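Undergrad: Handing you this structure, nothing more for now.
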Amino acid sequence: MRTLVKILLFLSIFSFTLFSADLFFPYITGKIFAFRFLIELAFAAWIFDIFLRKSVRFRFSEPIVRAVFLFFGALAVSAFFGVNPSFSFWSDFERSEGLFSFLHYLAFFVMLLDVFVLDDFYRLIKAFLVISPLIAYYNFSSYVNIEKYAFGRINGLLGNPSYIATFLIFVFGLGIYLILKNREIFRSTKDVFLIGENILWCLILLINVPAFFLTQTRGAYIGVFVAIIAYLALLARRGATGEKRMAKYGFVVLAILFIVGGALILKTNILPSNLKDAGSLFARFSTWKAAWGGFVDRPLLGYGPENFNVAFDRHYDPVHSGVETWFDHAHNLLFELLAVAGIIGFVAYLHIFYALFRDYLPVIFKKRPTVEAGLFLAIPIAYFVQNLVLFDSLTSYVLFFTFLALTRAIVLKETNVQMVQASPSRYSVAVGTVGIVFFCAPFFGMYANVFALQKNIYLLETFLPPKQSFPPSTKINVYKQLFSMPGFLGRREISTALANDVHVWSSSNNLDRFSKEDFEALNEGINISEEYLVQDPTHIRNYYLLGYAYSSIGGHFKDRNALVRGEAILKKADALSPGRIEFLEVLIKNLGAQRKYDEALKYSLEIIKLRPDMEAGHRFAGVFYKKIGELEKGKKELNKALLINPSSSAATFLNEN
């Protein structure tokens, strides 16, 4: 049975290679569904194995085990007391990083602790190495422009350059560790097969180096740079004479690369555009500011996992308007933890690294060669630093927990500790209880995976190209079918897709030519969207889309009731997320259609106050100043709009009497 558990754990990492265009978020959902399914099978087999052998090979009192469980506990408590517990647990298709997914990462970690020995970890590292070029270079030709000698950011099989960079950080570190371990074994066994194996691993690592640079991920670059400095510093301090000499040369090479690289960046156009984009950095800073505001709001437990968007919306910075307006992650794991899990989750996360550095790395530094031990310092440093501008995903969680379990396995071997807990009455019952709760019936797997997968596939029908898309009267049935499917997972994406379609239908130039059935479908879509606002009041985007739809219908048909309802929804959206200029623009148009010119002017001036550099506020203010008879002020504001954007429609209003 233990062999079966190991096989399923090995198979689970091959989920990283899955991609299916038939799935909604094809780079993410196939992987996460496969990983969950395999981990659930492995966990069920593991529980059965525990009852057979009546022992486990770990203790909850071990520092790293305790730290990981404390972190999960902190996330669970913050989710329960958060603003949207259901979403904290299930998340959505795009991220799939709620507590439900974390339970699977935790199960993966626990099973590694119990069933894996060092040789199994070596095989797992080999598996990561073998699949790494495929993951990094998948569809590589689409990122290359041979005629212009240009390269785009590669997404590989993970669908995100940042995910590829994080994956490769672990691959580099663990791959070098495996090479050093093979060299050590060769010295005692003289097994020439190990030489060939090391040549293969070196080739794979070299092949992956260009991929790492082509991710163009600043956080990963900085993380690796800091990790290399830490590694060389350890060699210089604790290494043998040859290692100290290597460290000295390494610092010289780093200095040369830094100087030459800096000169090339200053004097050429070699730096990729996204690395030169200061605007994205400023957007990140304002996002971190919003995260801090969320922490101040709820300092103890935060808003709950996966609810960063709520903190971001409540502390929205108008600098995002017209650039990146929707954030569900802070792009800084520490700030995000403060916002979503409060000080408890933040400290619990840092405690994992504290336990690692206090209880495990000193043993490795003492027992293992410095050139090898330094990797166990460099890998967590690179991972931690890059997460200061990024966030975790399926691959990074799996690799990080693999690294923690490997570190623990090395320490146990070096200290000759036999970690067997032969206390069946306590541990078998405890783990068995967890297993029963986690996999209490086939229903759980069906509810969380099979039904969710069906929903995911069916959801694609709502995203057909316009020429192939169904009319509203047909498409509304697709949405009704989706909402009738069991399970929470995916409901947010379904509701957003419906709200977006309602917004598109209501803004259509062919609205007058809608059939009776299409009008009924539009009204039904609006009603369903309103119902979902009650179920998920923290999802601010749907307020905007629904308010826009009501305003469009009211303006088109001179329907005052629709305008009033749109006004109420948009004002609620503005209260939940103050400073969103795109919300205010629709609200201003709505108020103008109702001839509430004074109120429309008030919101126009608010836009000017938020973003005086944007043309829209001045244009709206000019129009409504003229509407209330203050012509000179109106002309002044319209002229300001034209100065900002000479092609502005303000010119049309300026010439009106």
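Undergrad: Shape of region 510-569 from its Cα gyration tensor (a ≥ b ≥ c, root eigenvalues): rounded if a/c is under 1.5, otherwise prolate when a/b > b/c, or oblate? Before the final figure, lay out each step's value.
TA: Working: a/c = 2.46, a/b = 1.46, b/c = 1.68.
It comes out oblate by the Cα gyration axes.
Undergrad: In nanometres, what is the gap between the two model label sites at Phe519 and Val260, each 7 Å from Cα along Cα-to-Cβ?
TA: Going from the Phe519 label point to the Val260 one covers 7.3 nm.
Undergrad: OK, next. Please give the contour-minus-distance gain from Lys480 to Phe14: 0.36 nm per residue of separation, less the Cα-Cα distance, rounded to one decimal in nm.
TA: Details: separation 466, 0.36 × 466 = 167.76 nm, distance 3.52 nm.
Contour length minus Cα-Cα distance gives 164.2 nm.
Undergrad: Are there trypsin sites (Lys or Arg not before Pro) in region 553-637 that DSSP puts in a loop and that have at most 13 other Cβ atoms within 10 Å, and which ones? Numbers along the way, then the final one.
TA: Numbers: sites: Lys558, Arg560, Arg565, Lys571, Lys572, Arg580, Lys589, Arg595, Lys596, Lys602, Lys609, Arg619, Lys626, Lys627, Lys633, Lys635, Lys636; in loops: Lys558, Arg580, Arg595, Lys596.
Within region 553-637, the qualifying trypsin sites (Lys or Arg not before Pro) (loop, at most 13 other Cβ atoms within 10 Å) are Lys558, Arg595.
Undergrad: So between Glu630 and Phe213, what do we pick up on full extension, going 0.36 nm a residue minus the alpha carbon distance?
TA: On the way: separation 417, 0.36 × 417 = 150.12 nm, distance 5.80 nm.
Value of the extension gain: 144.3 nm.
Undergrad: Follow-up. For region 288-389, which chymotrypsin sites (Phe, Trp or Tyr not before Pro) are both in a DSSP coil and crowded by at most 13 other Cβ atoms within 10 Å?
TA: Details: sites: Trp288, Trp292, Phe295, Tyr303, Phe308, Phe312, Tyr316, Trp326, Phe327, Phe335, Phe346, Tyr349, Phe353, Tyr354, Phe357, Tyr360, Phe365, Phe376, Tyr383, Phe384; in loops: Tyr303, Tyr316, Trp326, Phe327.
Taking region 288-389 and a limit of 13 other Cβ atoms within 10 Å, the loop chymotrypsin sites (Phe, Trp or Tyr not before Pro) found are Trp326.
Undergrad: To continue, here is another question. Using a 1.4 Å probe, what is the accessible area per residue for the chain, in Å²? Walk me through the numbers on the way to the answer.
TA: On the way: 28900 Å² over 657 residues.
With all protein chains present, the chain gives 44 Å² per residue.
Undergrad: Label Arg237 and Asn416 with points 7 Å out from Cα along Cα→Cβ: what is the distance between them in nm?
TA: About 2.9 nm separates the two model spin labels.
Undergrad: Can you tell me the FRET efficiency between Phe80 and Asp536 if r is taken as the Cβ-Cβ distance and R0 is 22 Å, rounded to the nearest 0.05? Let's see the in-between values first.
TA: Values: r = 17 Å, r/R0 = 0.79.
It comes out at approximately 0.80.
Undergrad: Additional query: Rounded, prolate or oblate for the chain? Axes are the square roots of the Cα gyration tensor eigenvalues, ordered a ≥ b ≥ c, and the cut-off for rounded is a/c under 1.5.
TA: Values: a/c = 2.25, a/b = 1.62, b/c = 1.39.
It is prolate, given that a/c is not under 1.5 and a/b is the larger ratio.
Undergrad: Write out the chymotrypsin sites (Phe, Trp or Tyr not before Pro) in region 147-244 meeting two conditions: DSSP loop, and at most 12 other Cβ atoms within 10 Å of their Cβ.
TA: Tyr149
Undergrad: Please name whichever of Leu168, Leu103, Trp90 sits farthest to the positive end of the charge dipole of region 30-185, dipole taken about the Cα centre and charges placed at Cβ: Lys and Arg +1, Asp and Glu -1.
TA: Result: Leu168.
Undergrad: Accessible area of the chain with a 1.4 Å probe: how many percent of it is carbon plus sulfur? Walk me through the numbers before you get to the answer.
TA: Values: 18510 of 28900 Å².
Taking all protein chains in place, the chain shows 64 percent carbon and sulfur surface.
Undergrad: A further question on this structure: Select from Asn542, Leu11, Phe620 the residue farthest towards the positive end of the dipole of the chain; place +1 on Cβ of Lys and Arg, -1 on Cβ of Asp and Glu, and compute about the Cα centre.
TA: Positive-end residue among those listed: Leu11.
Undergrad: Run the dipole for the chain about the Cα centre, Lys and Arg Cβ at +1, Asp and Glu Cβ at -1, nothing else charged, and hand back the magnitude in debye, nearest 20.
TA: Working: 65 positive and 52 negative charges, 387 e Å.
Dipole magnitude for the chain comes out near 1860 debye.
Undergrad: If you average the sequence gap of Cα pairs under 8 Å that are 6 or more apart and divide by the length of region 566-621, what percent do you get for the contact order?
TA: Working: 49 pairs, mean separation 15.3, N = 56.
Rounded, it is 27 percent for region 566-621.
Undergrad: While we're here: Run lengths n ≥ 4 of DSSP H only: what is the helix-derived mean residue ellipticity at 222 nm for the chain, with -39500 (n - 2.57) per run over all residues, to the nearest 500? Spell out each step's value before the answer.
TA: Details: 31 runs with 466 residues, N = 657.
Calculated mean residue ellipticity at 222 nm is -23000 deg cm²/dmol.
Undergrad: Determine which residues of region 522-547 fall in the zone a paramagnetic label at Ser508 would reach in this model, i.e. backbone nitrogen under 20 Å from the point 7 Å along Cα→Cβ.
TA: 522-530, 545-547
Undergrad: Here's another thing I want to ask about it. Largest first, please: the extent of the C-alpha atoms of region 518-646 along each principal axis, to the nearest Å.
TA: Result for region 518-646: principal-axis Cα extents of 45, 29, 24 Å.
Undergrad: While we're on this one: If you average the sequence gap of Cα pairs under 8 Å that are 6 or more apart and divide by the length of the chain, what percent do you get for the contact order? Intermediate values should be presented prior to the final figure.
TA: On the way: 906 pairs, mean separation 100.7, N = 657.
The normalised contact order for the chain reaches 15 percent.
Undergrad: Could you give the nm distance between label points at Asn645 and Phe186, where each point is 7 Å from its Cα heading toward the beta carbon?
TA: Modelled inter-label distance: 6.4 nm.
Undergrad: Could you give the size of the charge dipole of region 1-149 about its Cα centre, using +1 on the Cβ of each K and R and -1 on the Cβ of each D and E, expressed in debye and rounded to the nearest 20? All intermediate terms of the calculation are to be shown ahead of the outcome.
TA: On the way: 13 positive and 11 negative charges, 101 e Å.
Once rounded to the nearest 20, the dipole reads 480 debye.
Undergrad: Right, here's the next one. Rounded if a/c is under 1.5, else prolate if a/b beats b/c, else oblate: with a ≥ b ≥ c from the C-alpha gyration tensor eigenvalues square-rooted, which is region 165-271?
TA: Values: a/c = 2.42, a/b = 1.47, b/c = 1.64.
Taking the square roots of the gyration eigenvalues as a ≥ b ≥ c, region 165-271 is oblate.
Undergrad: Please report the spacing between the Cα centers of region 47-106 and region 500-572 in Å, no decimals.
TA: With region 47-106 and region 500-572 each reduced to a Cα centre, they are spaced 40 Å.
Undergrad: Further question on the same structure: Gain in length, Arg123 to Ala21, computed as 0.36 nm per residue apart minus the alpha-carbon separation, to one decimal in nm? List each step's numbers first, then the result.
TA: Numbers: separation 102, 0.36 × 102 = 36.72 nm, distance 3.08 nm.
Result: 33.6 nm gained on full extension.
Undergrad: Give the separation of the Cα centroids, region 171-203 to region 590-654, in Å.
TA: Each part reduced to its Cα centre gives a spacing of 69 Å.
Undergrad: Mind checking which of Leu377, Leu511, Val323 is farthest towards the positive end of the chain's charge dipole, using Cβ charges of +1 (Lys, Arg) and -1 (Asp, Glu) about the Cα centre?
TA: Toward the positive end, the furthest listed residue is Leu377.
Undergrad: Sort 74-87, 473-486 by packing, meaning the average of other beta carbons within 10 Å per residue, with the highest value first. All intermediate terms of the calculation are to be shown ahead of the outcome.
TA: Working: 74-87: 21.1, 473-486: 16.4.
Those peptides, ordered most packed to least, come out 74-87, 473-486.
The values are calculated or read from the model by the stated rules, or taken from the named source; none is laboratory data. Not measured: the values here are computed from a predicted model. Positions of Cβ are backbone-derived with ideal geometry, glycine not excepted, and every protein chain shown enters the neighbour counts. Surface accessibility is based on the protein's heavy atoms, side chains included, excluding ligands, DNA and RNA. Shrake-Rupley method; radii C 1.70, N 1.55, O 1.52, S 1.80 Å.
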